[in-house]
Amino acid sequence: MKLAVIELGSNSCKVLLAESHKSPKTLVESRIPCRIAAFLNTSGELSPEGVKLVLDTLAEANQLVQEAGQIYLLGTEALRRVAGIKALGKTIKINTGLELKVLSAEEEARLAFLGATAGQTLKGKIVFFDTGGLSTEVVFTQDDRIKRFQSFKLGAVALAGKYLTRMPMANSCFYGLEEHIAKIMKFKPPHNPILIGAGGVVTTCAAVALGLPEYDSQRLEGYYLSRMEVFRQIALYRSMSLDEIKAVPGMDASRADTILAGTMIILRIMDVLGVISLKVSARGVSYGYLATLK
């Protein structure tokens, strides 16, 4: 049976249609920019425009997975912050027929790790992270066993809204953002770990490193992104206007205004761990959720 997972996140809606969950054959893999986080205030209220955006985005996603015998709708950090989530879930059900399941931070981290590492033989100390629009989840494992996880309120959309009000970025804003990330992104690093990263910022950085003319998950999956390249991209984006960033080969234009903040989160994680590269995964929560179905 064909199964679909729609993952509604802070910055985008990811759509996956697969032939089966036991040994999934990907039929459709797409990303719809939506940036729900921009319509969510500090009290957790989603504006009427935000609700309309959610419904319009899900209508578009539904069109991509019409062949599915079962569709699963998952919500991540932005949906966790919605104060009236039950009411929103009812509105979604009435308008789309989809049942919303909002993942906890721990569930999101576990599923992202499972999706990113499915089919791999894992040995040693591994740190996995998935950074999004409003939060970053970090998972610490020994081989394939999860030991602990941490969720940080650090995301590219939220940080860009506060610090990247003008581009090219002023030095004071850059150093303020750098200090803010370092203050929050603190954890005890394991000795000599392997680092795996997922999420739109990670894949966009890898696509820029490769100079890809269009998104290609097969080329991105398993690519090793060096610290030197991450540092290079930070220096590049810091000196550019928004239009210049959009024109960078490999850039996802919908992330151009947030990519600097996201890339700085990646660099901070690499520096805390003392690693010189990370392994990129173009897979995540949706693939992990399919793997858990029986």
Springs between alpha-carbon atoms under 10 Å, Gaussian network over the chain: tell me which of Glu108, Glu77, Glu229 tops the mean-square fluctuations.
-> Glu229
With +1 on each Lys and Arg Cβ and -1 on each Asp and Glu Cβ, how big is the dipole of the range 3-102 about its Cα centre, in debye rounded to the nearest 20?
-> 260
Among rounded, prolate and oblate, which fits the range 144-282 when a ≥ b ≥ c are the square roots of the eigenvalues of its C-alpha gyration tensor, a/c under 1.5 means rounded, and a/b larger than b/c means prolate?
-> oblate
Assuming R0 = 51 Å, what is the FRET efficiency of Ser30 and Asn192, from their Cβ-Cβ distance, to the nearest 0.05?
-> 0.85
At the level of C-alpha centres, the distance separating the range 79-119 and the range 208-271, in angstrom, is 27
Among Gly155, Gly44, Gly284, the residue with the largest mean-square fluctuation in a Gaussian network model of the chain built from Cα contacts under 10 Å is Gly44
So which trypsin sites (Lys or Arg not before Pro) in the range 156-186 end up in coil per DSSP with only 12 or fewer other C-beta atoms within 10 Å?
-> Arg166, Lys186
Global geometry of the range 212-270, whether rounded, prolate or oblate, following the gyration tensor of its Cα atoms and the 1.5 cut on a/c = oblate
Given the peptides 241-252, 121-132, 192-203, arrange them by the average over their residues of other C-beta atoms within 10 Å, most packed first.
-> 192-203, 121-132, 241-252
Extension gain (nm, one decimal) between Ala59 and Ser47, 0.36 nm per residue minus Cα-Cα = 2.5 nm
Please state the charge dipole magnitude for the chain, taken about the Cα centre, from unit charges on C-beta atoms (+1 on K and R, -1 on D and E), reported in debye and rounded to the nearest 20.
-> 780
Simple SL model, points at 7 angstrom along Cα→Cβ for Glu67 and Ile94; separation in nm is 3.4
Would you mind ranking Ser172, Ser239, Ser254 by Cβ crowding within 10 Å, fewest neighbours first?
-> Ser172, Ser239, Ser254
Out of these labelled values of Rg and Dmax of the Cα atoms in Å, [x] 21.5, 70; [y] 18.2, 55; [z] 24.2, 78, which was calculated from the coordinates shown here?
-> [y]
Tell me, Met264, Met228, Met169 in order of fewest to most beta-carbon neighbours within 10 Å?
-> Met228, Met169, Met264
By the C-alpha gyration tensor axes a ≥ b ≥ c (rounded if a/c is under 1.5, else prolate when a/b exceeds b/c, else oblate), the shape of the range 3-102 is prolate
What residue among Tyr223, Tyr215, Tyr175 shows peak mean-square fluctuation when the chain is described by a Gaussian network model with Cα springs under 10 Å?
-> Tyr175
FRET efficiency, 1/(1 + (r/R0)^6) with R0 22 Å, evaluated for Lys147 and Glu221 via beta carbons | 0.35
Spin-label zone in the range 27-46 - amide nitrogen under 18 Å from a point set 7 Å from the Cα of Ala87 along the C-beta vector | 39-46
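Read the figures in this text as sums done on the coordinates, not as results from a lab. Note that this is a predicted model, so its numbers are computed, not measured. As a convention, Cβ positions derive from the backbone with ideal geometry for all residues, glycine included, and neighbour counts pool all protein chains shown.
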